[in-house]
Amino acid sequence: MAIQSGRNFLHTPGPTNIPDRVLRAMMRPAVDLNDPEFMAMALSCFGDLKKIFKTGSDVYIYSANGHGGWEAALVNVLSAGDRVLVPETGHFSFNWSAMASSLGLEVDYVEADWRRAVDPNAVAERLRADTNQSIKAVLIVHTDTATSVTSDIPAVRKALDDTGHPALLMVDTIAALATVPFEFDAWGVDVAVAASQKGLMQPPGLAFNAVSKKALAAAEQATLPRNYWDWQRRHGREFYSHFCGTAPEHQLFALREALDMVLEEGLDAILTRHQRLSNAVRAAVEAWSQNGALSFNAIELEQRANSVTTILVDEPYNADALRETCSSRFNVSLGAGYGRLQGRAFRIGHMGYLNEPMILGALASVESSLALCGIPHGSGGTDAAIASLSAEK
Ligand SMILES: Cc1ncc(COP(=O)(O)O)c(C=O)c1O
């Protein structure tokens, strides 16, 4: 293996860069799981997560990845044979719906082209047609990391309200939280699923559910088998019950430090930073897309994610060869195309612990790799990103 000096630039859309502060917070021995200081620290995380989700409702912390968070959301509120409506956003709506099917749920999948946000009218149409209200939940991916399209959650909420349909609104905000606004209470979300390894700057390994009162009430009727995932079991008097067993101590040390960092910078400032950095990425991709083989996957400007940008590569050029060059020559890791975009797209992750020089370094490396791989592209992408950043005070 060739030795690469300097840091790896991690521009995959999860896992993302873990700040040194967060890494250091984990560099310590395990503690007694009933240590009062530890328990107080762990409990404080629940309260601060509520600030991130913007909710007064309950939040649950699982030792799991995003898939665990998905499963927790499903098994707590649904029963075998229940119908769920899943508007297609891309790879991740498909995988969540496949999980729902495997759990014995009936999936009503609203097909779409992976290049646009969820159409609230299509959702409303399906809900209106469901006259006996057999759809129990709408499952929507806020930002589909495969497509880099962000959907409008309040618009989907409005589709539910306008049709008077009582289905629960369940949102996967795994690749959106702390990169674009998210308002659990104000938007009327019933279950939000998030994970530690994206905008929240922690190692992979924690999943979160934020849960409305309506969803908690639904959980009382729901009969899908559950134990570890069960929200109710996590309300026991003993600290032990909050994690359904031994707390994931080091993950919680990391979470505490990352939450401190989020609160110090401020959520609004974090969203502004993500907007600024993603504007720079978009400026570069716009320039590269002129008269070449590259294009944005997300067609509409206002639907492009603040966390990741998926770039399509025309045949006969190979997106994986570009990623390989970027990694081996420049030590910059990019995301691969997923699902139907495998080999046809690469993704630049721009969420979490990032600043301008990191983004500019990554974009310059992509631009050099495009040249090295002989992939036709418009010139001046990195210059356009510099101009974008210089235009913003
Ligand atoms: C939007 C979205 N949902 C779900 C997942 C699945 O999360 P995990 O890989 O942590 O299980 C991912 C992972 O990238 C994701 O981006």
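The values are calculated or read from the model by the stated rules, or taken from the named source; none is laboratory data. Please read these numbers as outputs of a predicted model, since none were measured by experiment. FYI the Cβ positions are ideal-geometry reconstructions off the backbone, even for glycines, and counts take in every protein chain you see. Heavy atoms of the whole protein, side chains included, go into the accessibility calculation; ligands, DNA and RNA do not. Shrake-Rupley method; radii C 1.70, N 1.55, O 1.52, S 1.80 Å.
Quick notes on this one:
- For region 140-164, a residue qualifies if it is open to solvent by less than 10 Å² (accessible area, probe 1.4 Å), at positive phi and without any contact (Cβ under 8 Å) to a residue 40 or more places away in the chain, but none of them does.
- Annotation: of all residues in region 8-34 being free of Cβ contacts under 8 Å to residues at least 60 places away in the same chain and part of a loop (DSSP other than H, G, I, E, B), the one that is surrounded by the fewest Cβ atoms within 10 Å (Cβ to Cβ) is Pro29.
- Restricting region 229-270 to residues that are assigned to a loop (DSSP other than H, G, I, E, B) and touching a residue at least 60 places away in the same chain (Cβ under 8 Å), the residue that is farthest from Ala207 (Cα to Cα): Thr246
- Matching residues in region 356-393 - criterion: being assigned to a loop (DSSP other than H, G, I, E, B), touching a residue at least 60 places away in the same chain (Cβ under 8 Å) and surrounded by fewer than 20 Cβ atoms within 10 Å (Cβ to Cβ): Pro376, Gly378, Ser379, Gly380, Glu392
- Which listed residue, of Tyr240, Tyr228, is touching a Phe, Trp or Tyr at 6+ places or on another chain (Cβ under 9 Å) and open to solvent by 50 Å² or more (accessible area, probe 1.4 Å): Tyr228
- From the options Ala195, Ala176, Ala207, residue that is touching a Phe, Trp or Tyr at 6+ places or on another chain (Cβ under 6 Å), within 15 Å of the ligand (Cβ to nearest atom), modelled with pLDDT of 95 or more and in the same structural domain as Ala30 (by TED's automatic domain parsing): Ala207
- Residues in region 35-72 that are among the small types (Gly, Ala, Ser), open to solvent by 50 Å² or more (accessible area, probe 1.4 Å) and more than 16 Å from the ligand (Cβ to nearest atom): Ala40, Gly56.
- Restricting attention to region 309-326, the residues being part of a helix (DSSP H, G or I) and surrounded by fewer than 17 Cβ atoms within 10 Å (Cβ to Cβ) number 2.
- Positions within region 243-280 being under 25 Å from Ile386 (Cα atoms), out of contact with any strand residue (DSSP E or B) (no Cβ under 8 Å at 6 or more places or on another chain) and open to solvent by less than 10 Å² (accessible area, probe 1.4 Å), in sequence order: Ile270, Leu277, Ala280
- Complete set of residues in region 75-93 that are part of a helix (DSSP H, G or I) and either more than 12 Å from the ligand (Cβ to nearest atom) or surrounded by fewer than 21 Cβ atoms within 10 Å (Cβ to Cβ) (or both): Val75, Asn76, Val77, His91
- Residues of region 198-220 that are buried (at least 24 other Cβ atoms within 10 Å of the Cβ) and either more than 17 Å from the chain's Cα centre (by Cα) or more than 24 Å from Ser79 (Cβ to Cβ) (or both): Lys198, Gly199, Leu200, Met201, Gln202, Leu206, Val211, Ala215.
- Checking Arg329 against (1) within 25 Å of the chain's Cα centre (by Cα); (2) in a helix (DSSP H, G or I); (3) among the basic types (Lys, Arg), the condition it does not meet: (1)
- Within region 62-74, the residues that satisfy the criterion of being part of a helix (DSSP H, G or I) and either not assigned by TED's automatic domain parsing to the domain that holds Asn132 or not acidic (Asp, Glu) (or both) are Gly66, His67, Gly68, Gly69, Trp70, Ala72, Ala73, Leu74.
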